[in-house]
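In what follows, a structure is listed as structure tokens, so that the remarks can point back to it.
Values in this text are rule-based calculations from the coordinates and carry no lab data. For clarity, every value in this text was computed on a predicted model and none was experimentally measured. Note: ideal-geometry Cβ built from the backbone for every residue, glycine included; neighbour counts use all protein chains shown.
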């Protein structure tokens, strides 16, 4: 398992609005599960964007926290069309001239898990992964 660091309010939008695109300057060969880590940096300019407002951005929401894992997802594909030919069909969340890491199965955690992150795609500690898995298993047993 890997983790991706995403600035708020974009991490919030991935979870609450189903934003399945993580815009990056480079592609990745990695496919599979990732922890969505809300980094300590906040994109203040994005907080008033129409996409973020439509996502229901609420700084008081636990998923709007910073410095914590807020969800799990899976990188299922990477679209580089916007970089190669200037256009793609990845939707409104896709930034021009970026690689679009397509996420699937974005699942919010019942509560954020505070942790130290790293930039980009990184390998979380076994302790962090274990804590997230235990939390999800516990939540599933209560609902199932």
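The table below gives the values:
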| read-out | value |
| --- | --- |
| Global geometry of region 1-96, whether rounded, prolate or oblate, following the gyration tensor of its Cα atoms and the 1.5 cut on a/c | oblate |
| Folded to 0 to 90 degrees: helix 126-143 orientation relative to the chain principal axis, Cα | 80 degrees |
| Pair residue 31, residue 80: separation of 7 Å Cα→Cβ label points (nm) | 1.5 nm |
| Difference of contour (0.36 nm per residue) and Cα-Cα distance, residue 46 to residue 95 | 16.4 nm |
| Equivalent ellipsoid, region 38-144 (semi-axes from 5 times Cα gyration tensor eigenvalues, Å) | 27, 18, 15 |
| For the chain, calculated [θ]222 nm from helices alone, where every DSSP H run of n ≥ 4 adds -39500 (n - 2.57) | -7000 deg cm²/dmol |
| Beta bridges per DSSP with both ends in the chain, % antiparallel, nearest 5 | 80 percent |
| Fully extended contour minus Cα-Cα distance, from residue 119 to residue 131, at 0.36 nm per residue | 2.2 nm |
| Exposure proxy order (Cβ contacts within 10 Å, fewest to most) of 30, 37 | 30, 37 |
| Normalised convex hull volume, region 95-144, alpha-carbon set, Å³ per residue | 116 Å³ |
| Value of relative contact order over region 14-144, rounded to a whole percent, pairs C-alpha under 8 Å and six or more apart | 31 percent |
